[in-house]
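Trainee: Below is a structure I'd like to ask you about.
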Ligand code: CP
Ligand code: NVA
């Protein structure tokens, strides 16, 4: 059975916990090495990851490439605009061709149905590098960052402020799998997809939906936000105005626990979803979070290849 990683629940809670532990072990074992040097066991030697980008990326592109190098393999980056996919070749044929040439596919795209279509036709693992619906690889890195900060996941209180978007959807899925609680503070009309809220609740997480930013942040262990305008969305003044009370600023962070940490998947828009003072504060661990994209995705790749 080919192991696709389209969403966190493809792996499940026990595997996610094992992935986080493996990522921490590998990260510690290679401390001080040149960033591109392989781990001692080079478990993916000879393996090639084909990456397709239908949207922009800095972190996902570099972290997957570095993850493959550190696991002993390599990666090929394709901008969809310069591929035949960009000229209308079908996803099914692209999946079948890449399955003959490479060992795994990572794709960043808009419509989630496209990666499901890719997975249906690929005989090698397909990994979700972000869709309009979810961003599971980001949340593996986020969970790793939280655990590294000494905060156990079960019972953790996570506050989300801003837009009910793809990143929040994967946080809600993780909440159900790892049994932490999420207070979602959004303006009315920008709530997350109810299916993700239901999944979290059905799996034992407490999810609070509120239009009051202070209530969302109150007593939180982790405060998270993201851009108010995701890739593919139009910049709308009306949306920005509605989001402004949900900006993560010093007053909002003061509602959280005194040792709360601040997360942001990046890129950040200083002065919109977060103030410079919070972004640059000692509570902000956003660059650990960015680096952890490498370490988390090594675990995702190892799971896809049956090595976790
Ligand atoms: N956080 C994240 O996915 O960043 P990129 O868009 O730069 O890949
Ligand atoms: N929600 C953002 C995340 C970027 C990494 C987007 O989809 O653009």
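Trainee: Choose one answer from 182, 158, 15: the residue with the largest mean-square fluctuation in a GNM of the chain with alpha-carbon springs under 10 Å.
Mentor: 15
Trainee: Please order 69, 96 by the number of other Cβ within 10 Å, starting at the fewest.
Mentor: Fewest to most other Cβ atoms nearby, the residues stand as 96, 69.
Trainee: Once you have a ≥ b ≥ c as the square roots of the Cα gyration tensor eigenvalues for region 1-71, tell me rounded if a/c is under 1.5, and otherwise prolate or oblate according to whether a/b is larger than b/c. Each step should come with its number before you reach the end.
Mentor: Numbers: a/c = 1.63, a/b = 1.12, b/c = 1.46.
It is oblate, given that a/c is not under 1.5 and a/b is not larger than b/c.
Trainee: Taking the number of other C-beta atoms within 10 Å as the exposure measure, put 85, 153, 143, 168 in order starting with the fewest.
Mentor: 153, 85, 143, 168
Trainee: Let me ask something else about it. Find the eigenvalues of the gyration tensor of the Cα atoms of region 92-220, then list the square roots of 5 times those eigenvalues as equivalent ellipsoid semi-axes, largest first, in whole angstrom. Don't skip to the answer; put the middle values down first.
Mentor: Numbers: eigenvalues 198, 54, 26 Å².
Largest first, region 92-220 gives 31, 16, 11 Å.
Trainee: Where is the GNM fluctuation largest for the chain (alpha-carbon springs, 10 angstrom cutoff): 95, 214, 195?
Mentor: Sorting by GNM fluctuation, first place goes to 195.
Trainee: How would you rank 109-115, 223-229, highest first, on the average number of other Cβ atoms within 10 Å across their residues?
Mentor: Working: 109-115: 18.0, 223-229: 24.1.
Going from most to least packed, we get 223-229, 109-115.
Trainee: As a footprinting exposure proxy, order 282, 57, 299 by other Cβ within 10 Å, with the fewest listed first.
Mentor: Numbers: 282 7, 57 18, 299 28.
The fewest-first ordering by Cβ neighbours comes to 282, 57, 299.
Trainee: Right, another one. State whether region 156-308 is rounded, prolate or oblate according to the following rule on the C-alpha gyration tensor (a ≥ b ≥ c being the square roots of its eigenvalues): a/c under 1.5 gives rounded; otherwise a/b larger than b/c gives prolate, and the remaining case gives oblate.
Mentor: On the way: a/c = 1.40, a/b = 1.28, b/c = 1.10.
It comes out rounded by the Cα gyration axes.
Trainee: So, one more: Using helices alone, I'd like the mean residue ellipticity at 222 nm for the chain: each DSSP H run of four-plus residues gives -39500 (n - 2.57), total over residue count, nearest 500.
Mentor: Working: 12 runs with 126 residues, N = 308.
Mean residue ellipticity, 222 nm, calculated: -12000 deg cm²/dmol.
Trainee: Any idea how far the Cα center of region 281-308 sits from the one of region 215-280, in Å?
Mentor: Going from one Cα centre to the other spans 22 Å.
Trainee: Given springs between every Cα pair under 10 Å in a Gaussian network model of the chain, which of 81, 219, 176 has the largest fluctuation?
Mentor: 81
Trainee: Quick one: Cα centre-to-centre distance for region 179-206 and region 31-50, in angstrom?
Mentor: Going from one Cα centre to the other spans 37 Å.
Taken together, the values in this text are just the output of simple stated rules run on the coordinates, not laboratory data. Keep in mind it's a predicted model, so treat the numbers as computed, not measured. Because the Cβ atoms are built from the backbone with ideal geometry, glycine has one as well, and the counts that use them run over all protein chains shown.
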